[in-house]
Structure formats: structure tokens, C-alpha cells
Amino acid sequence: MRVHHFNAGTLRPLGGRLIDGRAGYLRRSELVCHCLLVDTGSELVLIETGMGSPSVQRPDWLGRPFTVLTGARPALAETAVAQVKRLGYAPGDVRHVVLTHLDLDHAGGLVDFPDATVHVYAEELRALQSPLRSSERWRYRKIQFDHGPKWISYADTGDDWYGFEAVRDLKGLPPEILLIPLTGHTRGHAGVAVQSDDGWLLNAGDSYFFHDQIDPVHPYCPPGLARFERLVQMASTPRKENQHRLRTLRTDHPEIKIFSAHDPTELAQFTQ
Ligand SMILES: [Zn+2]
């Protein structure tokens with residue numbers, strides 16, 4: 001399976017070194033929204049959708065708190081739908097979308113693929129439809145789901161993937177695409193594993209934010225980004241446990257390419 005990597009939206013939070021670990025504090029950092037387009041040979045599968053084309057025109061699509069906090073400046077050319085076209089495909093040929101979770105910077109582009117089947121871990125769909133507390137209510141943007149996505153959700157994790165519980169039989173998708181629950185950031189957050197032509201990839205979504213966080217020897221996250229991570233987490237213990245498991249996976253299986261949603265260093269390893 002051929003896999004394309006792209007950035008579906010740039011975030012520019014203030015904080016410089018506190019966010020990205022590079023020199024200088026009085027500047028904006030750059031974070032990405034790392035998406036995959038998988039060409040299975042017979043159809044297209046989009047993994048993550050970014051902020052979506054309405055975010056370019058409509059301030060209410062993302063909401064002011066998110067826009068101010070993250071410095072998001074959506075551009076049409078960066079949206080997933082524009083990137084699919086740039087890669088030479090028709091957006092209508094995207095038959096499936098797989099999401100790590102339903103936050104606004106991951107699910108915002110669903111509206112640009114209204115006919116696609118949307119695969120998600122069941123607990124995440126429950127969190128959207130029946131929020132347990134206010135922090136869960138505010139994080140999802142109802143407006144982004146008004147078009148009625150064609151959900152398929154999965155509760156059972158009957159399979160094993162390198163020691164992780166996994167959902168292997170995603171309806172209509174080849175067995176080389178799996179959901180790997182990695183909860184903590186949200187209630188039903190999951191990674192997406194893909195067996196590409198170049199080996200296994202694990203899109204770990206927002207289960208960590210900075211590339212060195214899963215360094216087995218010297219795990220590190222810049223303090224501002226670590227603070228943000230704690231601020232937006234739903235559950236601390238599973239989040240930390242899952243980061244520990246990802247570190248172990250990296251040690252035991254360095255051949256698996258693990259990456260998170262917003263780290264530009266990780267994205268560059270695939271696009272340069
Ligand atoms: Zn995110």
C-alpha cells in the first residue's frame with residue numbers, strides 16, 4: 001500500500017523554545033496536522049482530516065479559544081481536500097476516513113469527504129455523543145458534525161499488534177490498517193497502524209506531542225508543550241502509561257515508524 005504524508009494545517013502557538021525546544025522564546029512555534037492518504041490499489045483511505053476547508057472562512061468552525069491558544073491560521077492549500085487533489089487524486093475517491101479522535105483539528109475536515117465511511121473507536125464516539133463532563137463537552141465542535149458523518153465505531157479489541165490490543169477488522173478496509181487504542185488524551189483516543197510498502201507505520205495521534213517524548217533513553221517534552229498536553233488530557237494515568245508503552249515499542253521494534261500528529265520534525269522524516 002502506498003502511503004502519502006502531508007500537513008493539513010499549521011498551528012503557530014506563542015512560546016518558542018517552550019513549545020518546540022529550539023532557540024529563542026519570543027517567537028511563534030510551528031506545529032503541523034500530520035495526515036496520511038493511503039492508496040490501497042483499489043481505493044483511498046484518509047487517516048486524519050485536519051481542520052477542514054470551512055476553517056479558512058468561518059471563525060466559528062474552530063472557535064476563538066482554540067484559534068488564540070494554538071495560533072491556527074488555516075490556509076486552503078493546506079486542507080486535506082486540497083492536498084488530496086495536489087497528490088493527483090479526486091476527493092470523491094476517498095471512501096474511508098480513519099480518525100485517532102474527534103478533536104477539532106483532526107475531525108474538522110470530515111465535512112470535505114461527506115460520502116466517506118468514518119471509522120472511529122467506539123469510546124470516542126460515545127464521548128462526542130454523551131459527554132461526561134464539561135471539559136469533554138467543549139472540546140468537540142458540534143458544528144463540524146452537523147453534516148452527519150457515516151460513522152462506524154468499534155468497541156472490541158480482539159487482536160494483538162506487537163503487544164497492543166488492536167481492532168484489525170475495520171469494515172471494508174484491508175487488514176493492514178488497524179485501530180490501536182491509546183487513551184488518555186481523550187476517552188477514546190486510538191492510534192492507527194498501517195502496513196505500508198516500507199513497513200509498519202503507527203500514527204499515534206495526540207498520544208504524545210514531541211518526538212523526544214518516546215525516546216527510550218532520554219524522554220523529553222519542552223515545558224510549555226508538556227503543560228498544554230496536561231491541560232487538554234482527559235485522563236493522566238492511561239496517557240502516561242501509553243507513552244511508556246510506545247517507548248518500549250520503539251526499543252523493541254525500531255523498524256516500526258512511530259509518529260504523532262503535530263510534530264513537524266517527525267513529518268519531515270517522511271516528506272523530505
Ligand atoms: Zn491534535
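So the check is Cβ under 7 Å with 6+ separation or different chains; which pairs have a first residue in region 111-135 that's touching a residue at least 60 places away in the same chain (Cβ under 8 Å) and a second one that's in a helix (DSSP H, G or I)?
Final answer for the pair search is D112/A80; D112/V81; D112/P91; F113/P91; A127/E136.
From the set of residues in region 199-223 that are touching a Lys or Arg at 6+ places or on another chain (Cβ under 8 Å) and not hydrophobic (A, V, I, L, M, F, W, C), which is farthest from H253 (Cα to Cα)? So that I can check it myself, show each step before the final result.
Taking region 199-223 first, the residues touching a Lys or Arg at 6+ places or on another chain (Cβ under 8 Å) are 199-202, 207, 214-216, 219, 222.
Filter once more, so that each one left must be not hydrophobic (A, V, I, L, M, F, W, C): 199, 207, 215-216, 219, 222.
Numbers: G199: 11, S207: 18, D215: 13, P216: 12, P219: 17, P222: 25 Å.
Restricting to residues being touching a Lys or Arg at 6+ places or on another chain (Cβ under 8 Å) and not hydrophobic (A, V, I, L, M, F, W, C), the top hit is P222.
So, D105, is that one closer than 23 Å to V32 by Cβ, buried (at least 21 other Cβ atoms within 10 Å of the Cβ), touching a Cys at 6+ places or on another chain (Cβ under 6 Å) and touching a residue at least 40 places away in the same chain (Cβ under 8 Å) or not?
yes
Which members of region 90-137 meet the condition of being in contact with a helix residue (DSSP H, G or I) (Cβ under 7 Å, 6 or more places away or on another chain), in a loop (DSSP other than H, G, I, E, B) and either among the small types (G, A, S) or within 15 Å of the ligand (Cβ to nearest atom) (or both)?
Across region 90-137, the qualifying residues are L99, T100, H101, L102, D103, G108, G109.
For region 244-256, check the following and say yes or no: at least one residue is in contact with a His (Cβ under 8 Å, 6 or more places away or on another chain) and touching a residue at least 24 places away in the same chain (Cβ under 8 Å).
The first filter runs over region 244-256 and keeps only residues in contact with a His (Cβ under 8 Å, 6 or more places away or on another chain), leaving none.
No - not one qualifying residue is present in region 244-256.
Looking only at region 221-243, which residues are of a type in the set (S, T, N, Q) and in contact (Cβ under 8 Å) with a residue 40 or more places away in the chain? Spell out the reasoning first.
The first filter runs over region 221-243 and keeps only residues of a type in the set (S, T, N, Q), leaving 233, 236-237, 242-243.
Passing the criteria: Q233, S236, T237, N242.
Do any residues in region 50-70 that are touching a residue at least 24 places away in the same chain (Cβ under 8 Å) and under 18 Å from L14 (Cβ atoms) have Cβ atoms under 7 Å from those of residues that are assigned to a helix (DSSP H, G or I) and of a type in the set (A, V, I, L, M), where the two are at least six apart or on different chains, and which pairs are they?
L62/L104; F66/L104
Every read-out reported here was derived from the displayed coordinates using simple, explicitly stated rules and does not represent laboratory data. Every value quoted in this text rests on a predicted model; they were computed, and no experiment measured them. All Cβ positions, even for glycine, are placed from backbone atoms using ideal geometry, and neighbour counts span all protein chains on display.
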